[in-house]
Each structure stands twice: as C-alpha cells, then as structure tokens.
Amino acid sequence: MGWKRLGLVFAPHRDLGWAKSHAQVPTPFIKDDSTIRVYYAARDSKNMSRISFVDLDSSDPRRILYVHREPILEPGRLGSFDDCGVMPSWVVVNKGRIYLYYVGWNVRNTVPYYNSVGLAISEDGGQTFKRFSDGPLWDRNYREPYFSATTCVLFDKGIWRCWYLSCTEYRVINGIAEP
C-alpha cells in the first residue's frame, strides 16, 4: 500500500484560547471500524502545548466527524517535567485501558527545550485521560544525556517493546541550538 497525499485535513479552531496554532504530532488511534481518532498538540498564545483530538471517517480521512473542543491533557504542575507542554506520541490499548504516551517538555536557559516521556491513561475509551505520575517514565541518563522523547510502544507476545527518540547532543545552527 502506498502513501497518498491528502493535504491539510485539520487545523485547530483559533477561537479556542488553548489552540491558537499547531495541530502538532498527529497520533492516530483506530477507535472503531468507522473512526480514526487523531490526538494532536495545539499551542496557546504563550506557546504552551496541550493535547486534544479529532475523529475522522476511516473510509475518507479528509472527512471530520467530530472535533473535541477541550484539552484532554494539560501541561503539568509547576516544576514538573511537562510544565511547559504536552504532545502525544503513541497510543496502545492495555487490558481495556488506553495508554497515551506523550512528550512532556520544559523551556531552558541554554537550549530551547528539554523533553521527557510521560504516560496518561484513559478508562473511558480515550475521551479523558489521567497522568500516570507527575514525573516522567524515563528521562535523560548517562548514555542519553540531553533528552528522550517521542515513543513507539507495542505489547508483543507478552513483552512490552519500546522505540524512542534520543538526543545525544545539541548543535548551534543559524544561531539556534537544535537537537
């Protein structure tokens, strides 16, 4: 099966204070036979990101069935790993609950941002989510000293498997620190 470019499918409704720009990191989830739920991050006027979703028709993904008008996950508590924003990364079902792995981020003084991996869990089919913890599932370490982020998590034959982005350095490009 090849890829087919569909063009712009969805943009946030700018009348929502929390969604002035971006429909960033689209993360699809097959809700049922007729619906693809796409979790995304939108940004407010202060550049903080929140997660919400849009439902698309699985037979024609250009057709929007429903736009959720509220965030399903807000930035974390002051000082936490995700206090500047949250962005979806991966969705997996585990024992009837939906696990939403996400990127939590902070702004920094020396580099533009710092990412870690978080988890939120839904017990109502993906309509609402609750953080697993105020801290990240994993963070930077001695082998990956700058950050860990975007995940792919699968439960395969009784084993949890995970792939994720790891930042091993920043480089200054055109005057901006980039991972």
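Right, residue 110: among the hydroxyl-bearing types (Ser, Thr, Tyr), modelled with pLDDT of 90 or more and either assigned to a loop (DSSP other than H, G, I, E, B) or under 16 Å from residue 51 (Cβ atoms) (or both) or not?
no
May I ask you to list pairs of residues, at least six apart or on different chains, whose Cβ atoms are under 9 Å apart, with the first in the stretch 168-179 being closer than 20 Å to residue 148 by Cα and touching a residue at least 12 places away in the same chain (Cβ under 8 Å) and the second being open to solvent by less than 90 Å² (accessible area, probe 1.4 Å) and in a strand (DSSP E or B)?
Correct list of pairs: 170/177; 170/178; 179/113; 179/115; 179/147; 179/149; 179/165; 179/167.
On the basis of being out of contact with any helix residue (DSSP H, G or I) (no Cβ under 8 Å at 6 or more places or on another chain), surrounded by fewer than 21 Cβ atoms within 10 Å (Cβ to Cβ) and closer than 30 Å to residue 168 by Cα, does residue 21 make the cut?
yes
Within the stretch 4-11, identify whether any single residue is in a strand (DSSP E or B), out of contact with any Cys (no Cβ under 7 Å at 6 or more places or on another chain) and either touching a residue at least 40 places away in the same chain (Cβ under 8 Å) or surrounded by 10 or more Cβ atoms within 10 Å (Cβ to Cβ) (or both), and answer yes or no.
The answer is no; no qualifying residue exists.
Please go through the stretch 74-97 and pick out each residue that is surrounded by 16 or more Cβ atoms within 10 Å (Cβ to Cβ), among the hydrophobic types (A, V, I, L, M, F, W, C) and part of a loop (DSSP other than H, G, I, E, B). Walk me through how you get there before you give the answer.
Step one: list which residues in the stretch 74-97 are surrounded by 16 or more Cβ atoms within 10 Å (Cβ to Cβ), which gives 74-76, 80-92.
With the extra rule that they be among the hydrophobic types (A, V, I, L, M, F, W, C), the set shrinks to 81, 84, 86-87, 90-92.
Listed by number, the residues that qualify are 81, 84.
Here is a yes/no grid of residues against (1) over 20 Å from residue 25 (Cα atoms); (2) part of a strand (DSSP E or B); (3) open to solvent by less than 20 Å² (accessible area, probe 1.4 Å):
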| site | (1), (2), (3) |
| --- | --- |
| 118 | no, yes, yes |
| 127 | no, no, no |
| 134 | yes, no, no |
| 142 | yes, no, no |
| 152 | no, yes, no |
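The values are calculated or read from the model by the stated rules, or taken from the named source; none is laboratory data. Keep in mind that this is a model prediction, so the values were computed, not measured. All Cβ positions, glycine included, derive from the backbone under ideal geometry; neighbour counts span all protein chains shown. The accessibility values were calculated without ligands, DNA or RNA, using every heavy atom of the protein model including side chains. Shrake-Rupley method; radii C 1.70, N 1.55, O 1.52, S 1.80 Å.
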